[in-house]
Amino acid sequence: MISKEYRFEAPRELGEALSLLEKYGDDAKVLAGGMSLVPTMTLGLVQPDVVISLNHIPNLDYVREEGNLLKIGALTRHDTVRKNALVQRHCPLLAEAAAFIGDVQVRHRGSIGGSIAHADPAAGYPPVMLILGAQFRLQRTKGDRTVPAAAFFKDLMQTALEPGELVTEIAVPKLPAGAGSAYLRLHRVEGNFAIVAAAAVVEKGFKSVRLGLAGVGPKAVLVDVTARFKGGLTDAALKAMRGDVAEASADAYGDLNGDAEYRRAMAEVYAERGVRTAASRVS
Amino acid sequence: MRVPVQVTVNKKAYRVEVDTRMILADMLRDVLRLTGTHIGCGTGSCGACTVFLNGETVKSCSVLAADVDGQDVTTIEGLSAGAHQLHPVQEAFVKHQGLQCGYCTPGMVLSAIQLLKDNPNPSEAEIRRGIAGNLCRCTGYQFIVESIQAAAQAKA
């Protein structure tokens, strides 16, 4: 049993949820999958006065193709992201990252919008969203704006969300034809958050090479190493890339799973493996 | 604050009133008296509290009871009518010693059923990934994996 009392709201439509969010502001916590929120409430680390569940709102769970974009409803569960045919075909990087989130049970319940709004520095989606140039739709009772991933993730569990705002949709550009991608992560125990994770996208002919790194600072970072690979996948290019990764990992943190120095070292290893794997998948 | 919850558990409809702070696992055990669902860590790590929610496994310690209003839940009790009519996966766990103390077993069995539903012929590595969300503190994993392999073969 959670110790502190709170009011539970289960709106049946999005407008009602936004009105409740406006009414309660920072006193409320939004419950999506609840895979982080419910355990932290049980532990007493988060003690909201009001919990607003999104789980009874229809039509927040979808994947749609719109031109060059995939539009994903915020309540789409990780397991759906992993298995969805459109995601697998147009953004295999996103499907690959989703497959590594938590465990089977967590993927059944946890949602893409909830994970993004939670903004854990080692979570699966943020480096992928940065690398793909995703845009997040943030709605409130009297507003509707779109924020790019790079502007959304501000700091450790800090986002551009303002009181009363809700992430309702994630728009992900399709990968360019022929591009190779890879998501690799280091973890000690299956289901744990990554110690470090590297997402990589390599366009045909090394037209672009981008890395997204997680676990190397208070938020995920994007590292564009295109200039390093002008001459292809050479030792010199990889060495220069490791320098860029080291610079991007300057704010690495330490915890029980590894200190900052270890994270920086592993970021270089996983960045290199990521680029090599992505390059091998170019078609 | 108490809220009404209408929920179907093991094909039976219930109408109950629960404290908003109650997690699904506590509702199943303390309100519906279905004590086959076990609570280990209470924080989403161990998987002892695994149940089916709308046909997919979830950890019932990480779902609020108030949030299952209108939903469909299946617990370990829903698999069979009794000890003489076990589910084939339960039979395999009995036959291959897939349990020691038994605490993790309800969750393990439900995760195994989910796995075999998604992948009827899993490799050993796929079985280990399929039960990654369930911890056995007796560390009886080898026999658990063998039980699931046997259940897959029996089905095939």
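The values are calculated or read from the model by the stated rules, or taken from the named source; none is laboratory data. What you see is a predicted model, and the numbers here were worked out from it, not measured in a lab. Positions of Cβ are generated from backbone atoms using ideal geometry, with glycine treated the same way; all protein chains shown enter the neighbour counts.
List of remarks:
- Set side by side, the residues A:P176, A:P163 differ, and just one is within 27 Å of A:N55 (Cβ to Cβ) and either part of a strand (DSSP E or B) or not aromatic (F, W, Y) (or both), which is A:P163.
- Summed over the stretch B:55-86, residues that are in contact with a helix residue (DSSP H, G or I) (Cβ under 7 Å, 6 or more places away or on another chain) and either aromatic (F, W, Y) or buried (at least 21 other Cβ atoms within 10 Å of the Cβ) (or both) total 12.
- Scanning the stretch B:22-40 for residues that are charged (D, E, K, R) and in contact (Cβ under 8 Å) with a residue 12 or more places away in the chain returns a single hit, B:D26.
- In the stretch B:27-37, the residues that are surrounded by fewer than 21 Cβ atoms within 10 Å (Cβ to Cβ) and of a type outside the set (A, V, I, L, M, F, W, C): B:R29, B:D30, B:R33, B:T35, B:G36
- Some residue of the stretch A:248-271 being closer than 19 Å to A:A149 by Cα and assigned to a strand (DSSP E or B): no
- In summary, A:K29 fulfils each of the numbered conditions (1) in contact with a strand residue (DSSP E or B) (Cβ under 7 Å, 6 or more places away or on another chain); (2) surrounded by 21 or more Cβ atoms within 10 Å (Cβ to Cβ); (3) within 14 Å of another protein chain (Cβ to nearest Cβ) with the single exception of condition (2).
Yes or no, residue by residue, for (1) in a loop (DSSP other than H, G, I, E, B); (2) within 27 Å of B:V18 (Cα to Cα); (3) within 14 Å of chain B (Cβ to nearest Cβ); (4) modelled with pLDDT under 95:
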{"position": "A:M1", "(1), (2), (3), (4)": "yes, yes, yes, yes"}
{"position": "A:E5", "(1), (2), (3), (4)": "yes, yes, yes, no"}
{"position": "A:P11", "(1), (2), (3), (4)": "yes, yes, yes, no"}
{"position": "A:V46", "(1), (2), (3), (4)": "yes, yes, yes, no"}
{"position": "A:E65", "(1), (2), (3), (4)": "no, no, no, no"}
{"position": "A:L70", "(1), (2), (3), (4)": "no, no, no, no"}
{"position": "A:R89", "(1), (2), (3), (4)": "no, no, no, no"}
{"position": "A:L94", "(1), (2), (3), (4)": "no, no, no, no"}
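- Qualifying residue in the stretch B:59-66 (condition: outside any helix (DSSP H, G or I), within 11 Å of chain A (Cβ to nearest Cβ) and touching a residue at least 60 places away in the same chain (Cβ under 8 Å)): yes
- Of all the residues in the stretch A:99-118, those that are hydrophobic (A, V, I, L, M, F, W, C) and farther than 17 Å from B:E56 by Cα number 4.
- Among the residues of the stretch B:6-54, those that are more than 9 Å from every other protein chain (Cβ to nearest Cβ), over 18 Å from B:E77 (Cα atoms) and in contact with a helix residue (DSSP H, G or I) (Cβ under 6 Å, 6 or more places away or on another chain) comprise B:V16, B:V18.
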